[in-house]
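Take a look at the structure set out below.
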Amino acid sequence: MKNKILYILFILAFFGLTYLLNMGKKPEFTWIPTYSKYDKQPFGAFVLDKMLDASLKQTYTHSYKSVYRLLNEEYLENQNLLILTNSFDLPEEDIKDLLAYVEKGNKVLIAASYFSYDLMDTLHLSYNRSGYLGNIVDPLNIRKSMKPVYFFRTENQITSYEFPYVTMDGYFDPFIPAEATALNDSVPMEDKQSEDIRESDLSGGVSGPDSVVREDLPPVTVLAEDEFERPLLLKYPVGKGYLLLSSTPKMFTNYGVLDSVNSGFVWQTMGYLQDQPLMRTENLQRGTDQSTSPLRYILSNRALRWGLYVALLTVVLFMIFTAKRKQKVIPVIKAPENKMLSFVRSIASLYLRKNNNADMVRKKYVYWADRMKQQYGVDLINSEHDREFCISFAAKTGRDPDQIIELLGRLDSIHPDNYVTDEEMKQLIEKMNLIK
């Protein structure tokens with residue numbers, strides 16, 4: 001019972017200490033892009049996944065399967081595909097399969113911080129990460145400290161947004177032949193600025209201050225650009241479908257979706273994928289076909305992590321306090337005490353007080369006669385003690401016949417009313433004890 005009380009008190013004290021240590025702490029945020037559907041941190045995709053599931057009803061699915069498996073094992077058929085990842089780096093064969101799937105009339109949105117050379121080379125584009133911040137110095141003040149202006153185009157309408165630098169990872173460039181650069185530099189700057197900032201369909205690649213028309217390239221639509229007219233979101237036609245390439249994947253995270261000022265950018269972009277059922281895969285970000293491990297998710301959440309620690313400590317304490325075997329106390333059983341000597345002393349004391357030596361001799365005689373009967377088959381009590389009997393008994397015991405005749409004769413003469421001295425009593429008992 002005492003151990004149970006100590007165990008309960010220790011657990012209560014630990015809970016109290018945990019509460020005091022965490023009572024004044026502000027919520028901690030992890031500014032690591034995971035794009036996970038389970039991650040509620042700023043750069044997780046928990047909110048996006050929930051809103052897509054609610055708005056698209058039964059037409060939105062989530063997967064951890066690779067692009068190769070989705071395309072070659074018929075998991076993906078007549079569906080648009082959404083990929084949010086830090087690095088889009090697929091083998092050349094997978095890129096060809098992906099473009100072949102888009103060519104059939106499907107749409108794929110790839111939002112990544114890095115695009116592989118194989119993809120850019122296939123699309124005759126280049127990707128530049130310079131000019132933007134790659135880390136967060138002060139996460140809680142990023143909106144106050146950095147406010148670059150972006151533009152979003154839908155036909156002839158321009159919508160402006162203010163994106164923090166931390167959500168911008170790079171921009172796209174077309175491949176520019178060396179001779180084309182010189183030709184482009186000959187165009188007066190004022191003539192360039194007099195044209196519309198960006199046409200909705202640019203034939204032959206991405207146009208701008210440093211680009212020219214390429215007749216061998218498909219028309220690319222710039223959907224979003226920064227204040228320096230650098231493309232951030234492209235619509236690249238492939239056959240009957242098109243690729244959407246975004247260099248601002250962090251805008252699709254919880255941080256961007258919950259931003260009331262800039263969330264319109266996310267939903268206008270997602271509007272290009274609403275004509276068919278949508279599937280999102282996290283394989284490129286996680287690098288596995290399996291879903292998030294429950295233990296990994298618990299350890300990534302501060303409250304759940306502490307709960308796990310408390311549970312483990314409780315189990316350890318329970319094992320410590322209940323390690324002993326539970327059973328009733330086994331009483332010590334003493335060996336039975338020999339009361340025979342005490343009984344003999346009590347009887348002897350009784351007879352000693354009565355001082356009836358004749359009765360004591362008679363009782364000793366009866367006990368002795370019973371032992372002789374058992375040992376030699378001689379009945380001393382019921383037999384006549386004549387000379388012939390005494391000689392026979394003496395022969396069996398190996399004693400002198402005269403001594404036997406004298407002893408039996410004296411014993412037969414003692415009656416309860418006779419007086420027998422102490423000395424005589426002792427002599428008679430000693431003689432009986434000698435005959436064994």
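The values are calculated or read from the model by the stated rules, or taken from the named source; none is laboratory data. Everything numeric in this text was worked out from a predicted model, so none of it was measured. Every residue, glycine among them, receives a Cβ derived from its backbone with ideal geometry; neighbour counts consider all protein chains shown. Side chains included, ligands, DNA and RNA excluded: accessible areas come from the protein's heavy atoms. Shrake-Rupley method; radii C 1.70, N 1.55, O 1.52, S 1.80 Å.
Quick grid of which residues meet (1) among the small types (Gly, Ala, Ser); (2) in contact with an Asp or Glu (Cβ under 8 Å, 6 or more places away or on another chain); (3) modelled with pLDDT under 90:
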residue: Asp94; (1), (2), (3): no, no, no
residue: Tyr101; (1), (2), (3): no, no, no
residue: Gly105; (1), (2), (3): yes, no, no
residue: Leu109; (1), (2), (3): no, no, no
residue: Met120; (1), (2), (3): no, no, no
residue: Ser126; (1), (2), (3): yes, yes, yes
residue: Ser130; (1), (2), (3): yes, no, yes
residue: Leu133; (1), (2), (3): no, no, yes
For Val102, the lone unmet condition from (1) closer than 28 Å to Tyr255 by Cβ; (2) crowded, with 16+ Cβ neighbours inside 10 Å is (1)
- Using the structure shown, decide if Tyr64 is in contact with a Phe, Trp or Tyr (Cβ under 9 Å, 6 or more places away or on another chain) and touching a residue at least 60 places away in the same chain (Cβ under 8 Å). no
Scanning the stretch 238-273 residue by residue, those assigned to a helix (DSSP H, G or I) and among the hydrophobic types (A, V, I, L, M, F, W, C) turn out to be Met251, Phe252, Val257, Phe265, Val266, Trp267, Met270, Leu273
Practice item. State whether one or more residues within the stretch 73-87 are in a helix (DSSP H, G or I), touching a strand residue (DSSP E or B) at 6+ places or on another chain (Cβ under 9 Å) and open to solvent by less than 10 Å² (accessible area, probe 1.4 Å). Key: no
Those residues of the stretch 376-402 which are within 15 Å of Leu434 (Cβ to Cβ), open to solvent by 60 Å² or more (accessible area, probe 1.4 Å) and without any contact (Cβ under 8 Å) to a residue 24 or more places away in the chain amount to Lys396, Gly398, Asp400, Asp402
Conditions (1) modelled with pLDDT of 90 or more; (2) in a helix (DSSP H, G or I); (3) among the polar types (S, T, N, Q); (4) open to solvent by 10 Å² or more (accessible area, probe 1.4 Å) -> Gln276 fails only (2)
Within the stretch 30-46, the count of residues that are among the β-branched types (Val, Ile, Thr) and surrounded by fewer than 20 Cβ atoms within 10 Å (Cβ to Cβ) comes to 2
Listed by first then second residue, the pairs whose first member lies in the stretch 215-237 and is farther than 18 Å from Phe252 by Cβ and open to solvent by 10 Å² or more (accessible area, probe 1.4 Å), whose partner is among the β-branched types (Val, Ile, Thr) and modelled with pLDDT under 85, with beta carbons under 8 Å and at least 6 positions apart or on separate chains, are Glu227/Val149; Glu229/Ile197
_Test: residue in the stretch 330-349 that is open to solvent by less than 60 Å² (accessible area, probe 1.4 Å), at pLDDT below 90, in a loop (DSSP other than H, G, I, E, B) and farther than 20 Å from Leu434 by Cα_ = no
Among residues of the stretch 279-312 being in contact with a Phe, Trp or Tyr (Cβ under 7 Å, 6 or more places away or on another chain) and among the charged types (D, E, K, R), the residue modelled with the lowest pLDDT is Asp289
Do we find that Val212 is under 52 Å from the mean Cα position of the chain (by Cα), modelled with pLDDT under 55 and not in a helix (DSSP H, G or I) in this structure? no
